[in-house]
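Asker: Sharing a structure with you now.
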């Protein structure tokens, strides 16, 4: 049971050493939705029409890093390509794409029916399982496995 | 030719089965009242203006039109070419109607110009370059090859037999590659656009991704 | 999530009459998800308003910007450098967002383009359901996760009224009786004793402006006495 957080002193300090990446856990998570995710990733034609539906893309003067397909291909796409064998640094780099560059307003649309919001949400949950969370940077992440 | 067709049909069947396996029918809303759809002339004009302005056609008209024309010709040419229909009649006794060769010629040029447009777009436009990989260029070449070789064969610019053989091989390769590369968007586009219940579905759309 | 609905065009035209340059501020949060005030809706409304005013030969220019969330000061801070150029702001966020904008730019008229309806859930595209009345005294622990304030037409706290027919509410005949559903849920969980818990009459905390300071932050915001 985690101790209760009842005051500012109880917030975990940022210097806490992060636990090592659990590659097996990542692999299992990737497997659990592999059918649907790899179907979507393989169907992406790179047409970039999804960019039109992202208000952040438009707001940031059409910066490609806000494009939904870019966000997904460089996070979930990379996770599947590397079969989950990633380092903590690589996961940390994905954090910005998943949390800063995306609000999960779920309005991005793909003419080919690829479910972009769910792919971002899934990538977020994989990162959170390793203790990396873009909303609460000092979060302890998911509970330690038994 | 048989191998390629079998691979194509088998591959497509596999992809479609996969699609249906990965999606499911969704529960629908209970809607007690009927909504009144306003259809005055002003409303219709407004819908047209919105369509022309706030969709892809309005924001990137060149891309929208080029893609539309390109894909139309892409589908029409293999089916409506006289040479193909002759072969079809020889093999299976059926054929589609054929367009005059001059028309097919122009359409092939349109397709090739479209390929050039997409290639340039992929190289020049930063947001497209950002998500382009080797597969994208390879697939573009794969799609262009049958049309280029067909064009050269028809005009008999080089050794006819060689070019024709390459044309047939290129066509088979493209056909076989469709289920396994991003070219599945050929089939997937129609399934997704009609069957998924999203904002933009073209039909009633009763399916959604299952977890 | 706050579910909101767009106001009718005529109402918006009435409030915007006389303003020549307007900025339409959308929201990437709740109103994007419920298809009321996101980027697409902002663009469409701008087109409709422009066309409508143009048909009447009224000079009118409306621009668009969508911020991540209007309920967050550092997101609407982006608007600081733009606001002077406009006569008025049209807000496509919820009521909270509209008020935040109005507070930040007190010299500019801020007009809401939406009616905030309720706190609800996203059943599917275009289908939203109210689930919470924000009464401030949540009893979901006792009712097996079904809110009697929201789901019961009479807002009863202590069991069904005796009016249900065939399991349906006597007030809203299309809806199931919330208390029968609560009973079934508690029964399935083996917690039927919760049906016997009696709630006194509500305090209805939601009538004055709600405010909440978290315990661990109370020192920070405490009034300093001389």
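Asker: For the structure I just gave you, tell me whether residue A:106 is farther than 19 Å from residue C:42 by Cβ and surrounded by fewer than 19 Cβ atoms within 10 Å (Cβ to Cβ).
Answerer: Numbers: farther than 19 Å from residue C:42 by Cβ: no; surrounded by fewer than 19 Cβ atoms within 10 Å (Cβ to Cβ): yes.
For residue A:106, the condition - farther than 19 Å from residue C:42 by Cβ and surrounded by fewer than 19 Cβ atoms within 10 Å (Cβ to Cβ) - is not met.
Asker: Just to be sure before I move on: is residue B:189 out of contact with any strand residue (DSSP E or B) (no Cβ under 8 Å at 6 or more places or on another chain), part of a helix (DSSP H, G or I) and facing chain A (nearest Cβ under 8 Å) in the structure I sent? Let's see the steps before the verdict.
Answerer: Values: out of contact with any strand residue (DSSP E or B) (no Cβ under 8 Å at 6 or more places or on another chain): yes; part of a helix (DSSP H, G or I): yes; facing chain A (nearest Cβ under 8 Å): yes.
For residue B:189, the condition - out of contact with any strand residue (DSSP E or B) (no Cβ under 8 Å at 6 or more places or on another chain), part of a helix (DSSP H, G or I) and facing chain A (nearest Cβ under 8 Å) - is met.
Asker: Shifting gears a bit: When the residues of the stretch C:17-32 are narrowed to those that are under 23 Å from residue B:45 (Cβ atoms) and in contact with a strand residue (DSSP E or B) (Cβ under 6 Å, 6 or more places away or on another chain), which ends up farthest from the other protein chains (Cβ to nearest Cβ)?
Answerer: Of the stretch C:17-32, the ones under 23 Å from residue B:45 (Cβ atoms) are C:17, C:22, C:24.
Retained after the next criterion (residues that are in contact with a strand residue (DSSP E or B) (Cβ under 6 Å, 6 or more places away or on another chain)): C:22, C:24.
Details: C:22: 18, C:24: 12 Å.
It comes out as C:22.
Here's the yes/no breakdown for (1) within 14 Å of chain A (Cβ to nearest Cβ); (2) outside any helix (DSSP H, G or I); (3) buried (at least 18 other Cβ atoms within 10 Å of the Cβ):
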| site | (1), (2), (3) |
| --- | --- |
| B:148 | no, no, yes |
| B:151 | no, no, yes |
| B:157 | no, yes, no |
| B:173 | no, no, no |
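Asker: Just one of B:198, B:194 is within 11 Å of chain A (Cβ to nearest Cβ), outside any helix (DSSP H, G or I) and surrounded by 13 or more Cβ atoms within 10 Å (Cβ to Cβ); which is it? Outline the logic, then answer.
Answerer: Working: B:194 fails: outside any helix (DSSP H, G or I).
The unique qualifying residue is B:198.
Asker: Looking at B:119, B:68, which one is within 13 Å of another protein chain (Cβ to nearest Cβ), surrounded by fewer than 14 Cβ atoms within 10 Å (Cβ to Cβ) and assigned to a helix (DSSP H, G or I)? I'd like the intermediate steps shown before the answer.
Answerer: On the way: B:119 fails: surrounded by fewer than 14 Cβ atoms within 10 Å (Cβ to Cβ).
None of the other options fit; the residue is B:68.
Asker: Same structure again: Criterion first (within 18 Å of the chain's Cα centre (by Cα) and at the interface with another protein chain (Cβ under 8 Å from one of its Cβ atoms)) does residue A:107 satisfy it? It would help to see each step written out before you state the result.
Answerer: On the way: within 18 Å of the chain's Cα centre (by Cα): yes; at the interface with another protein chain (Cβ under 8 Å from one of its Cβ atoms): yes.
For residue A:107, the condition - within 18 Å of the chain's Cα centre (by Cα) and at the interface with another protein chain (Cβ under 8 Å from one of its Cβ atoms) - is met.
Asker: While we're on this one: When the residues of the stretch A:24-37 are filtered to those that are in a helix (DSSP H, G or I) and at the interface with another protein chain (Cβ under 10 Å from one of its Cβ atoms), which remaining residue is farthest from the chain's Cα centre (by Cα)?
Answerer: Start the filter on the stretch A:24-37 by keeping residues that are in a helix (DSSP H, G or I), which leaves A:24-32, A:34-37.
Then drop every residue that is not at the interface with another protein chain (Cβ under 10 Å from one of its Cβ atoms), which leaves A:32, A:35-37.
On the way: A:32: 16, A:35: 18, A:36: 16, A:37: 13 Å.
In this case the residue turns out to be A:35.
Asker: Given C:134, C:152, which one is in contact with a strand residue (DSSP E or B) (Cβ under 7 Å, 6 or more places away or on another chain), more than 14 Å from chain B (Cβ to nearest Cβ) and in contact (Cβ under 8 Å) with a residue 24 or more places away in the chain? Explain how you work it out, then say what you get.
Answerer: Working: C:152 fails: in contact with a strand residue (DSSP E or B) (Cβ under 7 Å, 6 or more places away or on another chain).
Step by step, each of C:134, C:152 is checked, and only C:134 is in contact with a strand residue (DSSP E or B) (Cβ under 7 Å, 6 or more places away or on another chain), more than 14 Å from chain B (Cβ to nearest Cβ) and in contact (Cβ under 8 Å) with a residue 24 or more places away in the chain.
Asker: Which of the numbered conditions does residue C:108 fail, given that it passes all the others? Conditions: (1) part of a loop (DSSP other than H, G, I, E, B); (2) closer than 21 Å to residue C:28 by Cα.
Answerer: Exception for residue C:108: condition (2).
Asker: So for the stretch C:181-195 (the condition being in a loop (DSSP other than H, G, I, E, B), surrounded by fewer than 16 Cβ atoms within 10 Å (Cβ to Cβ) and without any contact (Cβ under 8 Å) to a residue 24 or more places away in the chain), does at least one residue qualify? Full working, then the answer.
Answerer: Filtering the stretch C:181-195 for residues in a loop (DSSP other than H, G, I, E, B) gives C:190-191.
Subsequent filtering for residues that are surrounded by fewer than 16 Cβ atoms within 10 Å (Cβ to Cβ) retains C:190-191.
When the remaining residues are screened for being without any contact (Cβ under 8 Å) to a residue 24 or more places away in the chain, the result is C:190.
Within the stretch C:181-195, one or more residues are in a loop (DSSP other than H, G, I, E, B), surrounded by fewer than 16 Cβ atoms within 10 Å (Cβ to Cβ) and without any contact (Cβ under 8 Å) to a residue 24 or more places away in the chain.
Asker: So which residues in the stretch B:48-60 are surrounded by 12 or more Cβ atoms within 10 Å (Cβ to Cβ) and more than 10 Å from every other protein chain (Cβ to nearest Cβ), if there are any at all?
Answerer: Taking the stretch B:48-60 as the starting set, the residues that turn out to be surrounded by 12 or more Cβ atoms within 10 Å (Cβ to Cβ) are B:49-50, B:52-60.
Passing the criteria: only B:57.
Asker: Also: Only one of C:35, C:9 is within 11 Å of another protein chain (Cβ to nearest Cβ), surrounded by fewer than 16 Cβ atoms within 10 Å (Cβ to Cβ) and closer than 14 Å to residue C:113 by Cα. Can you tell me which?
Answerer: Numbers: C:35 fails: surrounded by fewer than 16 Cβ atoms within 10 Å (Cβ to Cβ).
Within the list C:35, C:9, the selection yields C:9.
Asker: Can you work out which of the residues in the stretch A:121-135 that are touching a helix residue (DSSP H, G or I) at 6+ places or on another chain (Cβ under 7 Å) and in a helix (DSSP H, G or I) is nearest to residue A:22 (Cα to Cα)?
Answerer: Per the stated criteria, the residue is A:129.
Asker: Is at least one residue of the stretch C:81-96 under 11 Å from residue C:25 (Cβ atoms) and either within 11 Å of another protein chain (Cβ to nearest Cβ) or out of contact with any strand residue (DSSP E or B) (no Cβ under 6 Å at 6 or more places or on another chain) (or both)?
Answerer: yes
Asker: Could you tell me which residue of the stretch C:39-51 is surrounded by the most Cβ atoms within 10 Å (Cβ to Cβ), considering only residues that are touching a residue at least 40 places away in the same chain (Cβ under 8 Å) and within 11 Å of chain A (Cβ to nearest Cβ)?
Answerer: The qualifying residue surrounded by the most Cβ atoms within 10 Å (Cβ to Cβ) is C:42.
Since every read-out is calculated from the coordinates, none of them should be taken as a lab result. Just so you know, these numbers come straight off a predicted model, no measurement behind them. Using ideal geometry, Cβ is built from the backbone for each residue, glycine included, and neighbour counts are taken over all protein chains shown.
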